[in-house]
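A short worksheet on the structure shown next.
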Amino acid sequence: MMYDQTRAQQPAGQNRTPSERRTPGPEPLLPSSEREKVLQRLRHALNTFADTPRDALEEAESAYDEATAQLVTALAARRDLLRAAWADQDPDSQSDEPRNALRQYRELTQRLLQL
């Protein structure tokens, strides 16, 4: 059994249920079902390369194109949600929405730059 440092640092009697635990890292940009479809196509391309190299390459290219298109769409939707959170706010108000939006813009931009 491995040592769980996070769990060890929790005060006694504060065991969280799985639904109460935070997932590590940021949430994925694409839904898992969409990611899995693209990965399945890519695996198929890899598995058929020896028999039909050209078809496999075309399928891999298509999977890449689909993944990039889905990513662009997901990023645009995320941007629209962020903009809606602060666009109608008074910039001098004490609301936390603009600050939260700025933090999310920073996190998303940093993730993009690490790709």
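Give the ranking of VAL72, VAL38 by solvent-accessible surface, highest area first, calculated with a 1.4 Å probe.
VAL72, VAL38
Rounded to the nearest 0.05, what FRET efficiency do GLU97 and THR52 have when you use their Cβ-Cβ distance and R0 = 35 Å?
0.10
Residue-wise, which Karplus ³J(HN,Hα) couplings in Hz belong to segment 60-74, taking 6.51 cos²θ - 1.76 cosθ + 1.60, θ = phi - 60°, and x for glycine or proline?
Per residue, the Karplus-derived 3J(HN,Hα) values read 5, 5, 5, 4, 4, 4, 5, 4, 5, 5, 5, 5, 4, 5, 5 Hz.
With every protein chain kept in place and ligands, DNA and RNA left out, what is the accessible area per residue of segment 52-115? Probe 1.4 Å, answer in Å².
I get 78 Å² per residue for segment 52-115.
If the label point is 7 Å along Cα→Cβ of GLN40, which residues in segment 55-69 have backbone nitrogen under 20 Å from it?
56-69
The values are calculated or read from the model by the stated rules, or taken from the named source; none is laboratory data. In this text, all values refer to a predicted model and were calculated from it rather than measured experimentally. Backbone-built Cβ (ideal geometry, glycine too); neighbour counts: all protein chains shown. Side chains included, ligands, DNA and RNA excluded: accessible areas come from the protein's heavy atoms. Shrake-Rupley method; radii C 1.70, N 1.55, O 1.52, S 1.80 Å.
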